[in-house]
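Here is the structure we will look at.
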Amino acid sequence: MTQINVRYYAILREQAGMTHQSVDTPAHTADALFTELSAAHGFTVPRNLMKVAINGEFCDFSRVLNAHDEVVFIPPVAGG
Amino acid sequence: MPMTRWSSSRPLLVADMTSFFGFSSQPLSPTDETAFLADPSCGGFASFEGWVRDENEGQRVNRLDYEAYVELAVSEGEKITAEAQRRFGVRQVRCIHRIGELAIGDLAVWVGVAAPHRAEAFAACRYVIDEIKHRLPIWKKEYYASGDSGWVNCERCAQPPEQHHEHHHHKHSDNPNHSGDTQGQSGASDYSRQMRLPEVGAKGQAKLRSSRVLVVGAGGLGVPVLCYLAGAGIGTLGLIDHDELEASNLHRQTLYAIGDVGKPKALLAAKHLRSLNPEVDVRPHVAKADRSTINDLIDDYDIVVDCADNFATTYAVHDAARAKGKAIILASLYQYEGQLQVIQANQLGSCLRCVWQHATPDGITGTCQTAGVLGPVVGVLASLQALETIKLLLDLPGRLIDEVLLVDLVSLEMRRLKALRHPTCEPTCTRLPTAPADAAQATELSFASLLEASQAGFCLVDIREPSEVADYACPVKSLVIPMGRLLQNPDALPQEQKVLLLCARGARSKGTVQALRERGLSHVWSLLGGLDAYR
């Protein structure tokens, strides 16, 4: 299990009911982590519309997770 | 040395179209300048001469010094003469401005235009002198008979405000009450508080005055952006918005009044901005911002501030502006949060499509209308947009470059995320939609236009019944395969090309795509909103 700090934005924050959480996860990639959290929180935005940033930099969902990474899931927003 | 018009060494039968702006520290000779415009295809020549006069605002003037921020003024002056050539279809445009010490009666500025016919020569000549006075960073120091002297910041500021807008430069902008709005103003605008900042100063103010910014959307983000940019003295401020004011806008769109509900926001905003700062050339456009309208406007601006409230507009504006190498300041928000991105004009950095390659179908992630929004949240993001615009114009440090700023106003935290240029991003950003490996979940797509969908490589398939097609045919090349037949025989679809199904309102095509996906076809999508959304 890896300890990861996760932050949620926009509709994910709303659906998760929190802005951030620390999770212990068996996931090795951002992709697997998102799938796990989607199931837990009932996210409705398809993964292919999402972006992920790890430790302050946008990256691919295939990125391998390291302990204590800060993972930010970001849906696109358009309001103005 | 005097020179007659046809004694020019230029060939008489073929004359290239030219536009020129320059400064001279030596006295000007209209005869010599006119010779540059020799063009046998021209039957009309108009010129304007600005002379030094002996009086200004009641003071006797003995002489004066002209000083200019030359590198900026030349580049802006060249833009003006080229604009005149393009707008009025004239062949030869030339403008020379004096710098240095001038005496009463000296020629301070000379404009000459040659054209096939007189009407456009007069119009272009008038345009050039008006824009030169309006946009160029030129100062004059007047020496008065009383022994005093004083710097006058740019000629235009010395005129009474009602004269600032008497020229009508732009036929395509909606300009009701243009000169009327500025009546009753006293004195010129005062930028002293921002000019006191060492990073701004007179030079920075001149740069702001010569800048041209287009704001897309006059809503929650657009209103504060427009007010701050007008207040800062941006010389030319365009705005485009086709919406009429609704009462539900007022909690966050603070320059409008309840009595204005139902009126076009672009015109309401323009009226307010002109009264806020009569020096700004405010150009409202009551039109929907899409690739075509932005393309028509974009050459007149240096920076585009995207204050749209939907993905389709944002991508259309981004693609049009990126293709022309314009800087773009993007912001969008959701409830208590926002995102900010600055696209550099040099086309070298990352763009919107480097981060979000595809436009998300509107409606999937929520809007201000459906998800709600607090007024001050929009205000914070809009202030950041105005700030980044000014920082970019003045080349101030700390700007957002190849980054996305996430702003969370619940926790009051900001986060700068590095967003590097995508390896396949073209200089003009034509990373058009291609199916990502995991696109299986998204079934609906929207585009700026049907043509864009076609150009993006989709085969359009109209699944409506023949009677509907007869009533209104899809305006872009498409196959017609009615839904029932398609579901019976999915092999009728192209196999090697992405397929976009379309129906009247997007419901049947969505359902059909879901059914086809279940049968293992991953290369089909549904046009969000159907044909009705593009009529």
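Each value in this text was obtained by applying a stated rule to the coordinates, not by laboratory testing. Just so we're clear, the structure is a prediction, and the values are computed from it rather than from any experiment. Please note: Cβ atoms are built from the backbone with ideal geometry, for glycine as well, and neighbour counts cover all protein chains shown.
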_Residue-by-residue Karplus 3J(HN,Hα) for region A:70-80, coefficients 6.51, -1.76, 1.60, Hz, glycine and proline x_ = 9, 10, 10, 9, 10, x, x, 10, 10, x, x
*In degrees between 0 and 90, to the nearest 10, how far off the longest principal axis of chain A does helix A:30-41 point, with axes built from Cα atoms?*
60
*With all distinct Cα pairs included, what does the Kirkwood hydrodynamic radius of chain A come out to in Å, to one decimal, could you say?*
12.5
*Using only Cα atoms, locate the centre of region B:65-93 and the centre of region B:287-324, then give the distance between them in Å, rounded to an integer.*
25
*Under 5 Å between amide H atoms, partner at least 5 residues away or on a different chain: which partners does B:S210 have, H built in plane at 1.01 Å?*
B:G235
*Do any GluC sites (Glu not before Pro) in chain A lie in a loop, going by DSSP, with at most 12 other beta-carbon atoms within 10 Å of their beta carbon, and if so which?*
none
*Determine the shielding of peptide A:13-25 by partner chains: average, over its residues, the number of Cβ atoms on other chains within 10 angstrom of each Cβ.*
2
_I'd like the orientation of helix B:507-518 relative to chain B: the angle between its Cα long axis and the longest Cα principal axis, in ° from 0 to 90, rounded to 10._
60
*Net charge of Cβ neighbours under 9 Å - reference B:V480; Lys, Arg +1; Asp, Glu -1*: 0
*Search the structure for amide H atoms under 5 Å from the amide H of A:A78, placed 1.01 Å from N in the peptide plane, and list their residues when 5 or more places away or on another chain.*
B:L333
*Quick one: grab the alpha carbon gyration tensor of the protein assembly as shown, order the square roots of its eigenvalues as a ≥ b ≥ c, and give me rounded if a/c is under 1.5, else prolate or oblate depending on whether a/b is larger than b/c.*
prolate
*Mind giving me the FRET efficiency for B:K141 and B:R505? R0 is 60 Å, r the Cβ-Cβ distance, nearest 0.05 is fine.*
0.35
*Taking only Cα atoms, what is the 0 to 90° angle, nearest 10, from helix B:222-232's long axis to the longest principal axis of chain B?*
20
*Point-to-point label distance, B:E55-B:S29, nm (Cα→Cβ direction, 7 Å offset)*: 3.4
*Determine the shape class of region B:288-404: with a ≥ b ≥ c the square roots of the Cα gyration tensor eigenvalues, call it rounded for a/c under 1.5, and otherwise prolate if a/b is greater than b/c, oblate otherwise.*
oblate
*Ranked highest first by average number of other Cβ atoms within 10 Å, how do B:481-489, B:338-346, B:17-25 line up?*
B:338-346, B:17-25, B:481-489
*chymotrypsin sites (Phe, Trp or Tyr not before Pro), restricted to region B:100-141: which are DSSP loop and have at most 15 other Cβ atoms within 10 Å?*
none
*What is the distance, in nm, between label points placed 7 Å from the Cα along the Cα-to-Cβ direction at B:A492 and at A:T29?*
3.8
*To the nearest 500 deg cm²/dmol, what mean residue ellipticity at 222 nm is calculated for chain B from DSSP H runs of n ≥ 4 alone, each contributing -39,500 (n - 2.57), summed and divided by the residues?*
-9000 deg cm²/dmol
*asked:* Can you give me the C-alpha center-to-center distance between region A:1-58 and region B:440-497, rounded to a whole angstrom?
replied: 35
*Please sort by residue number the trypsin sites (Lys or Arg not before Pro) in region B:189-250 whose DSSP state is loop and whose Cβ has at most 11 other Cβ atoms within 10 Å.*
B:R196
_For a Förster distance of 45 Å, can you work out the FRET efficiency between the beta-carbons of B:V410 and B:A470, rounded to the nearest 0.05?_
0.25
